[in-house]
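No value in this document is a laboratory result; all are computed from the given coordinates. It should be emphasised that the depicted structure is a prediction, and the values quoted were computed from it without experimental measurement. Neighbour counts run over all protein chains shown; Cβ positions are idealised from the backbone, glycine included.
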Amino acid sequence: MDNNLILKTLIGPDVFGSAGQLTPEQAKQFVTYVTDEQVVLKECDFQQITPFKKEINLLGIGSRLLRADKAGVTPTGIDVTPTKKEINTVPVKLISDIHDNSLDENIEQDKLVDTLMRIIGTQMGNDLEDLAFNGNTASADEFLQIHDGWLKLALSCNIYDHNGSSDYKAVVFPGMLAAMPNKYKAKKTDLRFYVAPSVEEAYRVQLAGLYGEAGGRFMLNDQKATFQGIPVVAAPYVPSTHHVLTHPLNLVYAICIAAIRKEIQRDAKAGVTSIVMRTRCDAKIKNDEALVLSYNA
């Protein structure tokens with residue numbers, strides 16, 4: 001008897017694991033699948049929260065704190081400005097249709113479930129990193145309407161108008177760095193230029209042309225491109241017209257781990273099983289002052 005025929009007769013919703021809310025262990029593993037293959041979600045402040053909402057509290061120091069300790073002299077007050085931002089997650093879902101004839105009859109059930117969850121988690125990660133950068137509730141694109149992303153939120157941060165320049169070494173990156181307040185440049189190697197892959201590639205070509213034979217390592221080897229020690233990171237969902245300079249932990253992405261659910265719908269007649277993953281998510285920038293957005297304004 002055909003092994004594929006045997007497989008199809010045995011397939012039911014239970015083959016794909018149990019439905020409902022994921023256990024804490026399952027949810028943690030699924031989130032690992034979501035972030036593992038991503039460029040920015042893997043190094044940003046990726047928060048796994050339980051409530052749907054959460055406050056981010058920042059204390060801004062408006063002046064120097066140290067005072068001379070003089071007898072009989074009352075020092076002036078300290079200007080400490082509290083800033084609050086709210087993570088307010090919104091519901092999202094990802095639907096995957098698994099066709100019976102696409103399954104390998106040699107995969108044991110426990111490995112099948114893990115393989116499918118890894119594939120689904122990676123796809124959700126792709127979509128979330130896209131949404132994290134490009135989300136815009138005013139967009140005509142239904143996907144981007146889910147929530148505002150970092151690029152839209154960054155419009156209230158430091159702006160550097162690159163006027164369409166593609167001279168990254170002499171114009172764009174120096175201009176962005178100059179727009180960053182000095183107090184955030186103490187450890188420049190901890191910052192990141194997040195750019196489109198095409199921009200990172202163009203910068204490599206520029207470096208290779210400037211440094212001759214020594215610059216060839218940027219083209220022939222996997223030499224990391226930097227500017228003044230700051231890594232230039234190719235982020236696949238950043239548009240080629242926009243560039244971001246910030247510390248990765250200044251970018252917040254939150255997923256409500258308590259809201260991660262798996263639903264399974266079986267259409268035996270069509271030989272298709274639909275797996276629906278649900279959760280809630282949101283994007284925020286912690287400190288507007290510590291980010292520079294560059295685009296052709």
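3J(HN,Hα) along segment 25-35, derived from phi through the Karplus expression 6.51 cos²θ - 1.76 cosθ + 1.60 where θ = phi - 60°, amounts to 5, 5, 5, 4, 5, 5, 5, 4, 4, 5, 9 Hz, with x in place of Gly and Pro. Couplings for segment 154-160, taken from phi via the Karplus curve 6.51 cos²θ - 1.76 cosθ + 1.60 with θ = phi - 60°, read 6, 5, 9, 9, 5, 10, 10 Hz in order; Gly and Pro are left as x.
Quick check for me: using +1 on Lys/Arg Cβ and -1 on Asp/Glu Cβ, what's the dipole size of segment 119-205 about its Cα centre, in debye to the nearest 20?
Values: 8 positive and 11 negative charges, 141 e Å.
For this selection, approximately 680 debye.
The modelled label-to-label distance between Asp167 and Gln223, using points 7 Å beyond Cα along the C-beta direction, is 2.2 nm. Here segment 156-297 is treated with +1 on each Lys and Arg Cβ and -1 on each Asp and Glu Cβ, and its dipole about the Cα centre works out to around 600 debye.
Multiplying the residue separation of Asp45 and Thr83 by 0.36 nm and subtracting their alpha-carbon distance yields 11.9 nm. For the charge dipole of segment 130-262, defined by +1 on Lys and Arg C-beta atoms and -1 on Asp and Glu C-beta atoms about the Cα centroid, which residue among Ser139, Ala170, Pro181 has the Cα displaced farthest towards the positive pole? So the residue furthest toward the plus end is Pro181. In plain terms, the residue of Leu94, Leu151 with the fewest other Cβ atoms within 10 Å comes first and the most crowded comes last, giving Leu94, Leu151. Counting Lys and Arg as +1 and Asp and Glu as -1 over every other residue whose Cβ lies under 10 Å from the Cβ of Met277, the net charge comes to +3. In terms of surrounding Cβ atoms within a 10 Å radius of their Cβ, Met124, Met117 rank from fewest to most as Met117, Met124.
For Gln29 and Ile95, what does the FRET efficiency come to when R0 = 22 Å and r is the distance between their Cβ atoms, rounded to the nearest 0.05? Kindly include the intermediate steps, with their values, before the conclusion.
Numbers: r = 20 Å, r/R0 = 0.93.
Once rounded, the FRET efficiency stands at 0.60.
Taking other C-beta atoms within 10 angstrom as a stand-in for reagent exposure, Asp190, Asp127 fall in the order Asp190, Asp127, fewest first. Residue ranges 268-274, 226-232 sort as 226-232, 268-274 when ordered by packing (mean number of other C-beta atoms within 10 Å per residue, highest first).
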